[in-house]
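What follows is a single structure, written as structure tokens, with notes after it.
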Amino acid sequence: MKWDGISDSPAPSLQRTAACEACGSEARLEGGSCVSCLLLAALDDAEETPGPENLQWVLAGCEVREQQWKLGNYQILEEIGRGGMGVIYRARQRYSKRVVALKRVLSYHGDSRETLERFRREAEAAASLDHPNILPIYEVGEADGMPFFTMKYAAGGSLSRAAAVLRADPRECVRLMAKVARAVAYAHREGLLHRDLKPGNILLDSRGEPLVIDFGLAKWMDADADVTRSLAIFGTPAFIAPEQAHGSRSAVGPAADIYSLGAVLFDLLAGRPPFLGDHAIAVIRDAAEKGAPKLRSIDPNIDRDLETICGKCLEREPDARYGSAAELAEDLERWLDGRPIRARRTPLVMRSARWVRRNRVHTATFILCILIGGAAVTRQMQGKRMQGELTARAAAQHSVQVLPFLDVDNAQPCTDWTTRLAQEFRQHLQTFGPATVHLLGEGPHREAGTGADGAGGPYRTLLSGTIRRVDGQIRISLHLLRGSDRAPLLHEVVMADAKGAAAAVSRHVGRNVYSILSTADLTTVTPPTSDPGLLAPDARSFIQQGLELASRRGGLDLDRSIACLEHAIALQPGSSAAHAALARALGYKIAYRTTQEPLERALEAARQAVALDPRSGDAHLDHAAVLYHAGRVSEAIEANKVALEHSPSARRSIRLISNIYDAIGRPDLATAWFTLPIGGQPIFAGPSAHIGDCHAYMLQDDRAEAAYQHYFKLHPEQPEGWMGLCRLHLLNGRTHEARLVAQQHSSSYRDFTYAVQMEAQVEFFGRDFAKAEELYARLYERDPSGGRNFYGGVAFASALGRIRSGSDPAAGKKLLEEARESELRGLRNAAERPLPFYHLAAIESSLGNTEAALHHLAAATNAGWIDYRSMAIDPRFDAIRDEPAFQHSSSTMRRRAEELKLNWSRIESARAQTN
Amino acid sequence: MTLNLPAATTEQAHRFATTRWSLVLSSAGTAHDTDESHEALGQLCRLYWRPIFAFIYRRGLSLVDAQDLTQEFFVRLLNGKLLQKAVPGRGRFRALLLRALQNFLIDTHDKRSAQKRGGGLEFVSWDDWMAEAPSHLTVPVQAIESWSAERVFDVRWAATIVEQALRALREECEICGRGRLFDALQGTLAADRGDTCYPQLAAEVGLPDAELKRVVQQLRGRYRALLRREVALTVETEAEVDDEIRYLCKVLASSAE
């Protein structure tokens, strides 16, 4: 391997001289900065050189709030690559401190649990590969609903970077590709195809040895199965076999990887891939219609045997290529050793003859099929056994598994109704021909199909949906999904009378469903997206980048995300997806930067999204989220239910609706939604900190504790688990224990504001005001309006105001009055939420305004505030604690909490019975 | 959001105060191998391995041999023997290290003719070093091919100093949760030639014009301080800092000829 010895990569990336215009030096850093000019900047020493404090002061003051950015257990260090559907970062694992490369998949369908699970399965299969020339995958995970995996960080760059230097050394090219071919052969033996071998997917380690990445994962970089279309949008098909570019996934075998290996070798030796074209489609067409050019026609100096080897890999017919990657590796090794190679290029005459013969065979086969088909039909009429087989096959083809429908009014799976629907549906479908309809848990018990269109599993399709009551009737939203990957095939909404609704639904959609099931290839049924923002490559790319940036939730990222999405809208004003994504980003800004400023824009974007595509679940969901931020809680719940009708298993919907119920004092419904079994199992694995909070509100501390413990074990990188435990101690008067927990953990979670806030609250409620003041002062300095969404509604400003009014009454009063001002300003957006009233009550009480405090407390109680246990130990309420009205509010809250606990146990036992 | 700003930075300052190369030299000169100086030297090796490797490799060795020799050089350096030999002239750390390296290569060349080295010696992992602090230096191929090994060493040295200062600055920004703001503004750090388009940059990072200018000014000032500190670690007196920077700029500029 030829290095220049100067860069980390075996090849310098700059091929053209790009001398700095200012100083003429040619040494650059990756961003293009000139090393010499960066040195000169330090020579320019006229001004004073400030210490780190000045810089930090200025940085802290600017209005871009970013958090240290983490994904799962990883701290992101820098972005090192970005493609159409994925981003790669250099990242540090939190506990081992190991530096890794983290690849995040950006996918529209990342929301769907099934997709994530399939991704996880395939990534885990790839992670099981153990070969010195395959880059090891360390971990497969998910953050913010988008999957990611981590792998060894390879500093040497990729073959595409090194290609220019390698070209001068054909032996080295062959040596590298022999190793790559061995690695691919190993993976093929393990049953894994790569599907996207190209120079960018072959990295080099510090010793210049090749490492193949992304085994079998290439397709996840684009959730659309339509390779041709995604290629046209995102990449060059220069290294993809013709059968892969054209055909369905099932036609792609090891031979496609062998073609790609040949194309990479061709590219390394010739300095260009075998096929060039103005656009992807032209390249695909050429690859399918013309044979690959001879290597020596491009560079006559290349060894004839290498031309033969490349030619053999690049044959149009998969069968004409090397029989295995191992055979290719062997030939490359023979060439390196100077032994004669095995491959012989088929002479042109023979190739033409084979082409004609193959086509003739195709024609003949076609005719034969018709004849045999006719004969089979005749024989079928004669033989009962044969007939039985065919019926069974047809029944398997027309198979539907009915998943429990969801009663969105009551957050319950409606088992009885689903059973009736399955019966009606079975009878109705069988009037058209053979069909299998089973309920979940009945019939063959195997996982849904894994074949390209579900043919590999017992059920080709799944039926799921929601029901709710509207204007005295029942509104049923029904989805037919492909069994293999739950891709949508059909969505219908039916209104019916309560009595006979199941029969009405069957009548309404039965014929449609049967005709879909009669289609041989279900992939042709999947409705293509009609959103112009997702069809146009440039707009789509902006939407994806915008969503990815938004998911980081940092201030700067949110602003960039918003800019990306506005750009997408400018490009495609008719795109519902772009508007919905913009509404989402603006909503994050409202929630994470505690500002109401973008609210109107967010509402408008969400309204547009729904208007442009009323059938989009995403549009309704983002609308719901914005309505919630606007304080319009009941409208938000309604919009969320509509969102669920359109995409019944969306995790985001469930999470949002659960959070809304939590915020309005309905922990019973919040828990019911969060633990709702969909398609037979809960959508979120295990209890979370959120569920812990709900149990604590419902006075079930033992269950809360179990939930927090469980969450802490699963997610030690998040502070919520130990924070919950700490809070339970506090609520139960165990201040000492609470302090111990906070002290033990908070120092490891310094970059989470919440963790510091928990520590502050322990000291505040534990009445060590000096310590509490120090902590709150730091928090307040960072974010004067922050903190009120935390446990007990203890905002930084009101806590600090309460503490200071003891030592410095004027300063305390000023803080409290400012907090009151800001709360009153925001009140118009929170009419249905109890928190602002509760917060106002705390402020007024701290100011000594008993009457106003009691007035707001009553309003908070009416709006649903139930956290009386926090209130009992919150120093802000000291001034009014002895008032009868305070005690009345407190006991009302307690009574309500008891009722909610009862209600939750009713829901729980109802669920247990239906199971 | 991080709240304990001062702790991290003082710790860093302390670390750097004890890694002055003069400390390394004094202990090497008197053969007192203290833990502190050993640690200091290890630190410097981690920072400056790239120029050393680049120099060895430029002398025409294979990749693997060059890596092995670099490792061997470090082992000898950490044993203190090489620096003892090189100390008499004193001078800047860069020049000293290069001299030690040249001596070492003559030495090993003699030995190599007599016996083949063990090979594969690796007391640090290259991958770890690269992953920890990747370098982003790029130079056109044709330029490198015409350079002497000494010039390759110096250019690589200059880049190491600059990248080290940038990394330290980024860390300071990251501590207050502004890592990405730094990424966006990194391009403004080079000597100001009045070509920064503030309105465009302001729109990109979402800050008002005036505020952006203030941030850039602070970043530049801090960068200057960090780079000078970085250089100061490799020279004996503060007065030599400017000379050393000028020398490196000259090497880089002449590399373009």
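Anything in the stretch A:533-578 that is under 18 Å from A:Ala619 (Cα atoms), assigned to a loop (DSSP other than H, G, I, E, B) and within 14 Å of another protein chain (Cβ to nearest Cβ)? List them, or say none.
Listed by number, the list is empty, since nothing qualifies.
Looking at the stretch A:401-427, which of its residues are open to solvent by less than 50 Å² (accessible area, probe 1.4 Å) and in contact with a helix residue (DSSP H, G or I) (Cβ under 6 Å, 6 or more places away or on another chain)?
A:Val402, A:Pro404, A:Phe405, A:Val408, A:Ala411, A:Thr415, A:Leu421, A:Phe425
I want to confirm something. Restricting to the stretch A:535-563 and keeping residues that are modelled with pLDDT of 85 or more, open to solvent by less than 20 Å² (accessible area, probe 1.4 Å) and among the hydrophobic types (A, V, I, L, M, F, W, C), which single residue is farthest from A:Ala606 (Cα to Cα)?
Step by step, filter the stretch A:535-563, then rank; the result is A:Ala539.
Listed here are the residues, each with its yes/no results for (1) without any contact (Cβ under 8 Å) to a residue 40 or more places away in the chain; (2) facing another protein chain (nearest Cβ under 8 Å); (3) closer than 21 Å to A:Ser25 by Cα.
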site: B:Leu189; (1), (2), (3): yes, yes, yes
site: B:Leu201; (1), (2), (3): yes, no, no
site: B:Leu227; (1), (2), (3): no, yes, yes
site: B:Val235; (1), (2), (3): no, no, no
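Which fully enclosed helices (runs of 4 or more DSSP H) of the stretch A:845-915 have 3 or more residues being hydrophobic (A, V, I, L, M, F, W, C) and open to solvent by less than 30 Å² (accessible area, probe 1.4 Å)? Outline the logic, then answer.
Numbers: elements: A:850-863, A:868-873, A:884-914.
Ranges flagged: A:850-863, A:884-914.
Kindly establish whether A:Arg734 is open to solvent by 40 Å² or more (accessible area, probe 1.4 Å) and under 30 Å from A:Arg778 (Cα atoms).
yes
Take the residues in the stretch B:248-257 that are within 7 Å of chain A (Cβ to nearest Cβ) and surrounded by fewer than 19 Cβ atoms within 10 Å (Cβ to Cβ); name whichever of them is farthest from A:Val58 (Cα to Cα).
Checked the stretch B:248-257; the qualifying residue farthest from A:Val58 (Cα to Cα) is B:Ala256.
Tell me yes or no: at least one residue of the stretch B:161-173 is over 14 Å from the mean Cα position of the chain (by Cα), open to solvent by less than 10 Å² (accessible area, probe 1.4 Å) and facing another protein chain (nearest Cβ under 7 Å).
Yes: one or more hits.
How many residues are at pLDDT below 85 and either open to solvent by 60 Å² or more (accessible area, probe 1.4 Å) or assigned to a helix (DSSP H, G or I) (or both) when one looks only at the stretch A:326-360?
Residues in the stretch A:326-360 being at pLDDT below 85 and either open to solvent by 60 Å² or more (accessible area, probe 1.4 Å) or assigned to a helix (DSSP H, G or I) (or both): 16 in total.
Residues that are at pLDDT below 80 and within 14 Å of another protein chain (Cβ to nearest Cβ): list the strands (runs of 3 or more DSSP E) wholly contained in the stretch A:71-162 that include at least 2 such residues. If you could, list the steps in order and put the result at the bottom.
Details: elements: A:74-82, A:86-93, A:99-105, A:137-143, A:146-152.
Passing ranges, in order: A:74-82.
Quickly run through the stretch B:201-247 and pick out the residues that are among the aromatic types (Phe, Trp, Tyr) and open to solvent by 40 Å² or more (accessible area, probe 1.4 Å).
B:Tyr247
Just wondering, is there one or more residues in the stretch A:619-630 that are of a type in the set (Asp, Glu) and not in a helix (DSSP H, G or I)? Steps first, please.
Kept after step one, since they are of a type in the set (Asp, Glu), are these residues of the stretch A:619-630: A:622.
Subset that is not in a helix (DSSP H, G or I): none.
For the stretch A:619-630, residues of a type in the set (Asp, Glu) and not in a helix (DSSP H, G or I): absent.
Quick check: is even one residue across the stretch A:706-729 assigned by TED's automatic domain parsing to the domain that holds A:Asp867, buried (at least 22 other Cβ atoms within 10 Å of the Cβ) and not in a helix (DSSP H, G or I)?
Taking every residue of the stretch A:706-729 in turn, at least one turns out to be assigned by TED's automatic domain parsing to the domain that holds A:Asp867, buried (at least 22 other Cβ atoms within 10 Å of the Cβ) and not in a helix (DSSP H, G or I).
Find the residue count for the stretch B:82-124, including only residues that are modelled with pLDDT under 70 and not in a helix (DSSP H, G or I).
Selection size over the stretch B:82-124: 12.
Which residues, counting only those in the stretch A:737-777, are open to solvent by 70 Å² or more (accessible area, probe 1.4 Å) and within 11 Å of chain B (Cβ to nearest Cβ)?
A:Ser747, A:Tyr754, A:Glu774
Go over the candidates A:Pro667, A:Pro682, A:Pro677, A:Pro716 one by one and state the one that is more than 28 Å from A:Met146 (Cβ to Cβ), away from chain B (no Cβ under 14 Å) and within 28 Å of the chain's Cα centre (by Cα).
A:Pro667
Mind checking which residues of the stretch B:125-141 are part of a helix (DSSP H, G or I) and at the interface with another protein chain (Cβ under 7 Å from one of its Cβ atoms)?
Within the stretch B:125-141, B:Trp126, B:Asp127, B:Met130, B:Ala131, B:Glu132, B:Val141 meet the criteria.
Working only within the stretch A:460-500, note down all residues that are open to solvent by less than 50 Å² (accessible area, probe 1.4 Å), of a type outside the set (S, T, N, Q) and out of contact with any strand residue (DSSP E or B) (no Cβ under 8 Å at 6 or more places or on another chain).
Filtering the stretch A:460-500 down to residues open to solvent by less than 50 Å² (accessible area, probe 1.4 Å) leaves A:460-468, A:470, A:474, A:476-485, A:487, A:489-492, A:494, A:496, A:500.
Okay, now just the ones that are also of a type outside the set (S, T, N, Q), so A:460, A:462-463, A:465, A:467-468, A:470, A:474, A:476, A:478-483, A:485, A:487, A:489-492, A:494, A:496, A:500.
Hits for the stretch A:460-500 are A:Asp485, A:Gly500.
List every residue pair whose Cβ atoms lie under 6 Å apart, where the two residues are 6 or more positions apart in sequence or sit on different chains, the first residue falls within the stretch B:83-102 and is closer than 16 Å to B:Asp243 by Cα, and the second residue, located anywhere, is at pLDDT 85 or above and surrounded by 15 or more Cβ atoms within 10 Å (Cβ to Cβ).
B:Arg94/B:Trp157
The values are calculated or read from the model by the stated rules, or taken from the named source; none is laboratory data. Computed from a predicted structure; not experimentally measured. Glycine also receives a Cβ, built like all others from the backbone with ideal geometry; neighbour counts cover every protein chain displayed. These accessible areas exclude ligands, DNA and RNA; they are computed on the full protein's heavy atoms, side chains included. Shrake-Rupley method; radii C 1.70, N 1.55, O 1.52, S 1.80 Å.
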